[in-house]
């Protein structure tokens with residue numbers, strides 16, 4: 001009796017599908033969904049995060065960057081349109097970063113807003129806290145992007161839009177051609 005060859009082995013480690021997440025619009029409005037999507041990605045897995053966000057709460061940006069790093073996600077960040085303000089933090093947390101010739105990133109100091117009826121004591125505490133937060137965020141962003149704090153401060157104060165080619169020239173990301181096809185082919 002002739003025996004058929006055994007079926008090929010399936011190696012789950014090599015065949016795990018990569019995840020994809022879009023970070024678009026105001027981070028504050030999408031905080032729960034974005035955090036859940038990152039928590040749904042398997043630990044130490046590989047995937048792509050597409051950015052087109054004007055930013056939002058600094059705390060949401062810190063949370064997203066923290067989840068990416070603490071969960072060991074091998075995220076590839078791609079700025080499709082805009083990546084500004086708090087959205088810069090999760091983009092900087094990505095292990096690979098790409099921009100297009102039409103991408104723009106806006107760096108600026110932390111902005112404070114509050115309710116209308118804030119007492120002077122509370123406003124003073126918010127002012128103190130945002131000064132500390134701004135300094136911590138600048139240092140974190142410089143470290144994640146692996147750029148000097150002086151260079152980052154030059155973009156942040158008073159605030160500056162940088163194009164995709166400028167970001168690539170600064171070494172923060174690679175420039176990707178929209179007309180050459182699949183991003184995976186360009187990641188070599």
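The values are calculated or read from the model by the stated rules, or taken from the named source; none is laboratory data. Keep in mind the model is a prediction, meaning the values are calculated, not measured. Heads up, the Cβs are rebuilt from the backbone with ideal geometry, glycines too, and the neighbour counts pull from every protein chain shown.
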Worksheet, complete the sentence: Restricting region 28-80 to residues that are assigned to a loop (DSSP other than H, G, I, E, B) and at pLDDT 95 or above, the one surrounded by the most Cβ atoms within 10 Å (Cβ to Cβ) turns out to be 73
Item to complete: Answer yes or no as to whether residue 119 is surrounded by fewer than 16 Cβ atoms within 10 Å (Cβ to Cβ), at negative phi and at pLDDT 95 or above.
Response: no
Practice prompt. Could you check how many residues of region 92-107 are over 15 Å from residue 156 (Cβ atoms) and assigned to a helix (DSSP H, G or I)?
Written response: 1
Practice prompt. Would you check if residue 89 is buried (at least 17 other Cβ atoms within 10 Å of the Cβ), in contact (Cβ under 8 Å) with a residue 60 or more places away in the chain and either more than 19 Å from residue 22 (Cβ to Cβ) or touching a helix residue (DSSP H, G or I) at 6+ places or on another chain (Cβ under 6 Å) (or both)?
Written response: no
Worksheet item: Mind checking whether some residue in region 169-180 is under 25 Å from residue 63 (Cα atoms), touching a strand residue (DSSP E or B) at 6+ places or on another chain (Cβ under 8 Å), surrounded by fewer than 17 Cβ atoms within 10 Å (Cβ to Cβ) and modelled with pLDDT of 95 or more?
Response: yes
Item to complete: Being touching a residue at least 40 places away in the same chain (Cβ under 8 Å), touching a helix residue (DSSP H, G or I) at 6+ places or on another chain (Cβ under 8 Å) and part of a helix (DSSP H, G or I) is the filter here, so list the residues in region 134-184 that pass it.
Response: 137, 140, 141, 144, 145, 152, 156
Item to complete: Identify, by number, the condition in (1) closer than 29 Å to residue 75 by Cα; (2) at pLDDT below 75 that residue 113 doesn't meet.
Response: (1)
